[in-house]
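Each remark here refers to the structure printed beneath this line.
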Protein chains: 2
Amino acid sequence: MAAETSAPDPILDPAPASPPPPPEVDVPALTALLDGRYADVRDLVRRNLATYASVLEEAETLSLDDYRDRVRDLVVEMAASGQTGMGFPEEYGGGGDIGASVAAFETLAYGDLSVLVKVGVQFGLFGGAILQLGTRRHHDAYLHDLVTGRLMGSFAMTETGHGSNVQALGTAATYDVATGEFVITTPDDAARKDYIGNAARHAQVAVVFAQLVTADGSHGVHAFVVPIRDEGLAPMPGVRMEDDGLKLGLNGVDNGRLWFDGVRVPREALLDRFASVAEDGTYASAIDNPNRRFFTMLGTLVQGRVCVGGAGINAAKVAVAIAVKYAVRRRQFETGQEGDAAEEQLLLDYGMHQRRLFPLLARTYALHFAQEVVALQLHEVFSGVADDEKTRRELESRAAGTKALGTWHATRTIQECREACGGAGYLAVNRFAALKADTDVFTTFEGDNHVLLQLVAKGLLTDYASDFGDLDQLGMVRFVASMAVETVVERTSAHKLLERIKDVLPGGERWDDEAGILETDYHLAMLRFREEHMLAGVARRLKRGIDGGRAPGEVFSRVQDHVIAAARAHVERLVLEAFVTKVNSIDDSDNRRALALLCDLHALSVIEADRAWFMEHGRLTVARSKAISREVNRLCRRVRPIAVDLVDAFAIPPEMLRSPALVG
Amino acid sequence: MAAETSAPDPILDPAPASPPPPPEVDVPALTALLDGRYADVRDLVRRNLATYASVLEEAETLSLDDYRDRVRDLVVEMAASGQTGMGFPEEYGGGGDIGASVAAFETLAYGDLSVLVKVGVQFGLFGGAILQLGTRRHHDAYLHDLVTGRLMGSFAMTETGHGSNVQALGTAATYDVATGEFVITTPDDAARKDYIGNAARHAQVAVVFAQLVTADGSHGVHAFVVPIRDEGLAPMPGVRMEDDGLKLGLNGVDNGRLWFDGVRVPREALLDRFASVAEDGTYASAIDNPNRRFFTMLGTLVQGRVCVGGAGINAAKVAVAIAVKYAVRRRQFETGQEGDAAEEQLLLDYGMHQRRLFPLLARTYALHFAQEVVALQLHEVFSGVADDEKTRRELESRAAGTKALGTWHATRTIQECREACGGAGYLAVNRFAALKADTDVFTTFEGDNHVLLQLVAKGLLTDYASDFGDLDQLGMVRFVASMAVETVVERTSAHKLLERIKDVLPGGERWDDEAGILETDYHLAMLRFREEHMLAGVARRLKRGIDGGRAPGEVFSRVQDHVIAAARAHVERLVLEAFVTKVNSIDDSDNRRALALLCDLHALSVIEADRAWFMEHGRLTVARSKAISREVNRLCRRVRPIAVDLVDAFAIPPEMLRSPALVG
C-alpha cells in the first residue's frame, strides 16, 4: 500500500474558516431575474400551460390519432392567445419580436412536449421557412393563415438516406420552361422525406427542400412551397405519404414520409429570397458560390436551434425541480435503527444525493444564462440591430453549441433525476416517462449534436471569416492545414481572452496553489486555457496529417474526437462566461450570493469533470485536483439549504410538476 | 500559449510497429463460447423468442389490458416449454438446475422485456419466495401450479414509504392466538404495497412481507402467503387493490398497490423455513439475531439480482448489435464533395463513432463473462456445491455489484446506441424505444444501484465475516471506526491480490513506462491498486469522523460518495478478472486474439475513464495517461474489421433486432 499523508481531511475536519450563513433567497426576485425582459411573455405561456394541463394526462389515455388531434387543437387555441406568433411581423398577425417568440417557446417546454414540438414545426420550421426564405408574395399568401394555425404546414428537409448531410439531398425540382413549372420528384426511397412533422396527418402545405435543376444544370438545394393535401386533407395528386408510426416519444406529433412523383408547382413556388428562376429558366442569385448560398439559406433558420436548446434546458428544470422536492420529502434508511435519531434521514441530506443533483442544478442555471445570451444575439441579428456576416456566423456557431450542450444536459439530467426518485420515478403519472421519452430526440434533431459541434469547430478554426464560411468539412481540413498553427490559434477569441487573463494572473504557477480556488478569474482562465490548447492541438494534427500525405477524410476521421472536444471546450467557456457576467450584473444581495455559489459549483464541477486533462496539460497539480473535488462537496453542502428556493425560482406551474406522490 | 512538444503523434504518424492483421473470427465458435454450458437452454429460448416475435409489435398496437393479457398468455405458453421453470425441483415439474434458469432468463432479455419481467415476477420473485422461504407444506401446495403458470402470484415487499429500507416496512402480521391466525394489516398509506408486479390484474396469491408480531412483541419482517383474488379474479375480502397505471415502460406487466384491512390467514401461511410460530404463539428461529435472520432470508432471494444484471447485459447486446449493423450500412458526409471518393464514408469508419461504440461493445463482453462467474457461483451455492455463510455473503456482494454495473451499462449503452442511429433510432419500429423505456427501471429495481454498492462496500470493509454480516450501515461505520485501518485493508481480497502482483511487477515505477501498456498484469495491477487504495481511504475517513466526535449518520453521509466509488472499483476489478480469466482459458486461436483485443480495449477504457484518479494517486504519469488515450483509439481501429462478427456472435434472433431500416 502506498504511504499515506496525514493531511487534514477537509470533508470531515472543520473547514479552515466556517462558511458564511446560507443566503436568504428572494424567490420572486430570482424568478424575475431568470425571466428577464420577457417576463410577461413567460407568464402568458405559464397561464396557458395551466389552462391546458389536462393534456399531460390525455397524452396517456387518448388513442394515437385522438392525441395528435388534441395537440393540434391546443396549438390552434394557443395561437389565438398570441403566444405562438410573436416572431412574425405584426402586419400578418404576429408580435414582431423574435426574442419574445424564443422566450415563449422555451417556457412551453415546462408542459407537454408534443405541444411544444408541434408549435416548433408549425411556426418555427414551416412558418420560419416561409418568412425567411420567401418574399413578399409568399408572406402575403401564407403568413396570415399559418400564424393562426388555420393552414398547417410541414418543413420537408430530411430524407431517409440523408440526415445531417442536407447538401446531398436526392429530391429534385426541375424547371420545365415549357409550362413555367417546377417538377418535384423523389428519385428513390433513400430520397423520400422522412420524420417530417405534421406530414402524417395535418399538413396541407410543405416547404420542400430539393435540388433546383434548370437547363444549365443543378444549382444546389432550394426550398419550394408544395401543396400536399387538399381542404379535406386528402393527398394531392402525385404526393404519396406514409405515417412514421409510433415513436419513442412525442407521439402527439404526426411525423411521416413523403414521396413526390412528378408533382408540378408554379415557378412562384420557389422561395426566392436568395435565388430566382426567370420565366425562361435563367437562374440568378446574389450569392455566386453555391456552397455559401446554401449555408446562407440554412443560416436564416438558426432560430430553430436556439429554440430547441432552450427547450432542453427548461425540460431539465422540470426534472430537477421534481427530484429536489422529492428529496426533501423522502426519508431513507438507517439513522432510526439504533436510536441515533427518531427518523430516517432526508434523501437530500445524503452527500451522494447532493453530488448527484446539485451540479446538475448549477449547470441548469449556467445554461439558462448562456441561452439568454444566444437568444438576445438572435433577436439583435434578426431585428437588424447587429447584422453582418461574421456576426451571423458567430450566432450560428453559438446556437449550435448551446443547443448541443443544452440538449445533452436535458438527457443526462432527466435520467439522473428519474433514478434519484427511485421506483416512483418510473410511474407515468410522475412526469419522468414523458420527459425522458419526449426529450430524447432533442440530441439529434435540428442537427445531430456531434455534427453541430463540428460546425462550431469549423467556425473557430476559420475564424468565421466569410471567405471560408462556405467550406465543407474537408475543405476546412485543407484550409487549416495550409496555414501556420500560430495563425489559426491567434485568431481565435479564446486566445485573445487568454492574453488578457494572463495579465491578471501572471504566470501559470499561482493556479497550482491552494489559494484562489473560488476565484472566478481562475475558473475562466482554466477554461480559456483548455479551449485554446485544444484548438491549437487540432490545428497541428490536421496540418501534420495533410503534410504526411494522408487523405483529408482519413485525417478528419482520426482527429474527429479531438475536434469535437475542442468545440465542446469552447462552448463550456461561453457558458461559464455567461453565468459569470450575469452574477456580476446583479446588485449586492442574497440572491447574488446564491447565484455566485451556484456559479462556483458549476465552474468547479466542469473543471473537476476534466481534471485529467488539466493535469495532463500542466494546469493542475495533484494536490490542487483533489482540493477541487473536496470543494465541490463543500459547495454542495452550502447549496443544500437553498436548493428548494432555487428550483422554486423556475416558477414551473404546479400543474406541470404533476407527480403527486413525489412533490405533494 | 504553452510551449508545444514535437513528440510524434501516434494517431496520425504510423505506429512504431504495424498492428497484426485482424483476427478471422469464427462466429459460431464464439457464440458457443458465450453460451457456455447452457447453450441448449439458450437455443430453446431463442426459438421461443422467434416463435412469439409478434409481441414486439403487439406491445405498440394492443390496448393496455390486452397487452398485459397477451404477455400473461405468452408466459404461460413459454412455461409449457419448460423454459421458465428450470430452477424448480423436478418433482414439481421444474428442471432442477439453477444455472439453467439464469441462462434462460438472461436470454429472454433479447425479446420483449415485459415478458421477461413477468417471468421474473412469477417464477423468480413469487416462485422463488415460496421455494426458498417456505417448507415442504408450501412447496406441495403451490409449486406445481405456479411452475405451469396456472397460479399467478405477486411478491409484495416494497411499500410506498419504504423503498430500499425493507426492514422498516409498516405492514403488520399479528398472531391471534385465539383463532390460530395471522391478521395482516396495512396501518397507513405509506405502508401500502406498491409497484407490485402481477398485483393489478393477474395474481391470485401474494407473498406478503410484514412485521411478525406475537404477544412477545415484534420479531421483524417475515413472509406470508396471502390469497388476494378468487378463482374469478375478484378481490378477496379485506384486500384493496389499485392499478399503478401507465409506466415509463414494461407496460405488459400489471403493477399495482395492495392494502390489507385485517386480512386473516392461517398460521401455516407463514413461510417458515427460518422461523415459526407455534399454535400457542411462541416464536422460534434457529437464527437468534433478528437483523441477521432478516438478511439470511433476503439472501436466499439473491437469484433475482443475478437475473436482472444478466438481463441488463443482454439488452445492451441488442442495442450494440443494432448500432454496429446500422453503422456499416449508413454512409455519411463529405468525402464525396470534392472528388476524394465516389461515396460518403461509412459511419463506422469515423473515429468518433468507433469511440462511441467499441468501448461499450468491449464492456458488454466483459460484463457477460463477469455475469457468467456470478451465475455459476449462484448455481454452486444453491446446489449445495459450496455453501457456507461467507461464500453466501460473497455471492450476495458479487450479485449486487454485477447487477449495478450491468444495469447502468444497459442504460448508458442503449442511450448511446440510440443516438448513434440518429433520427431513425427514435422510431418505435427500431427497438430503441422499448429497450430504453423497459430497461430504465433496472437500475432501481431489485435494489437501487447506489444502495447495492453500499452493500458491496460493507462486505468488503467487514470482510464478509458472519459476525458482522448483520450490521446495518451505521453499525458498519462504528465497526470500521473501531478497527485499525491496516486491519480493515489487510483483510480485503484486493490487498492479497496486490501483494501477489507486486511480486510480478516490483516497485510501481515500471507502470510509468511507455512499455507494457497492453500487458494484462499491468491492467489488473492498476485496478487492484485503485480498489485497495480507495477502501483504505474510506476506512480512514470513517475512523477519523467517528474519532472526531461526529454522529455516524453524518460521517456516513459525508463519506458516501467515496464508499460507493470504492465498491465500484472493487466490482470493476472483478469484471476485468473475469474477462482475463476467460481469455486465458481459450486455446490459441483467432477467437482468442479477438477477445484479447476486446479485453485490452475494455481494460484501458476503464483506466482511461478514471485516469484523473490514477494521476492523483501517483499511478500514472502525464505521458502515460496520454499514451493510454492514444492506445484506446488505436484499439478501436483494430476492432473495426471484426466489429460485425463480434455482435453476430451474440446470436440474437434476427426477429428481435427488428429495425428493418437500420439493419436491413
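Laboratory data are not the source of any read-out in this text; all were calculated from the coordinates shown. Predicted, not measured: the structure shown is a model, and the values here were computed from it. Cβ: placed from backbone, ideal geometry, glycine included. Neighbour counts: every protein chain shown.
Here are the numbers for this structure:
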| item | result |
| --- | --- |
| Average other protein chain Cβ within 10 Å of Cβ, residues A:450-456 | 2 |
| Helix B:552-585 axis, angle to chain B major axis (alpha carbon atoms, nearest 10°) | 60 |
| Copies compared at A:A50 - label distances in nm, ascending, label defined 7 Å from Cα in the Cβ direction | 5.9 |
| Global form of chain A, assessed from the alpha-carbon gyration tensor, a/c cut-off 1.5 | oblate |
| 7 Å along Cα→Cβ, label-point gaps from B:L64 to other copies, nm, shortest first | 1.9 |
| Pair A:E380, A:A551: separation of 7 Å Cα→Cβ label points (nm) | 4.4 |
| Peptide B:108-118 - average C-beta neighbours from other chains (10 Å radius) | 0 |
| Simple spin-label estimate for B:D43 and B:T391 in nanometres, 7 Å along Cα-Cβ | 3.1 |
| Helix axis angle, A:473-482 relative to chain A longest principal axis, alpha carbon, degrees | 70 |
| Spin-label pair A:E90/B:D189, simplified geometry with 7 Å Cα→Cβ offset, distance in nm | 5.1 |
| Principal semi-axes in Å for the range B:109-167 [√(5λ), Cα gyration tensor, largest first] | 21, 19, 8 |
| When the convex hull of its Cα atoms is projected in every direction, mean area for the range B:155-295 (nm²) | 8.7 |
| Counting all C-alpha pairs of the protein assembly as shown, share separated by more than 55 Å (%) | 20 |
| Helix-only mean residue ellipticity at 222 nm for chain B, each DSSP H run of n ≥ 4 adding -39500 (n - 2.57), per residue, nearest 500 | -16500 deg cm²/dmol |
| D_trans [Stokes-Einstein, Kirkwood Rh over alpha-carbon pairs] for the range B:27-148, 37 °C, 0.692 mPa s, µm² s⁻¹ | 219 |
| Amide proton proximity set for B:E181, modelled H, under 5 Å, gap of 5+ | B:D176 |
| Axis-nearest residue of A (beta carbon) for the A-onto-B rotation, whole Å | A:A612, 2 |
| Gyration tensor (alpha-carbon) shape descriptor, the range A:566-631, a/c threshold 1.5 | oblate |
| Partners for A:K317 among lysines (Cα-Cα distance below 28 Å; same-chain residues under 8 apart left out) | A:K118, A:K247, A:K325, A:K403, A:K436, A:K582, B:K247, B:K436 |
| Folded to 0 to 90 degrees: helix A:520-547 orientation relative to chain A principal axis, Cα | 50 |
| Distant-in-sequence amide H partners of A:R491 (H built 1.01 Å from N, under 5 Å) | none |
| Inter-copy spacing of A:R264 label points, which lie 7 Å from Cα along Cα→Cβ, given in nm from shortest upward | 8.8 |
| Modelled FRET efficiency - R0 41 Å, B:A609 with A:R264, Cβ distances, 0.05 increments | 0.10 |
| A:S154 long-range amide H proximity, modeled H, under 5 Å | A:V205, A:A206, A:V207 |
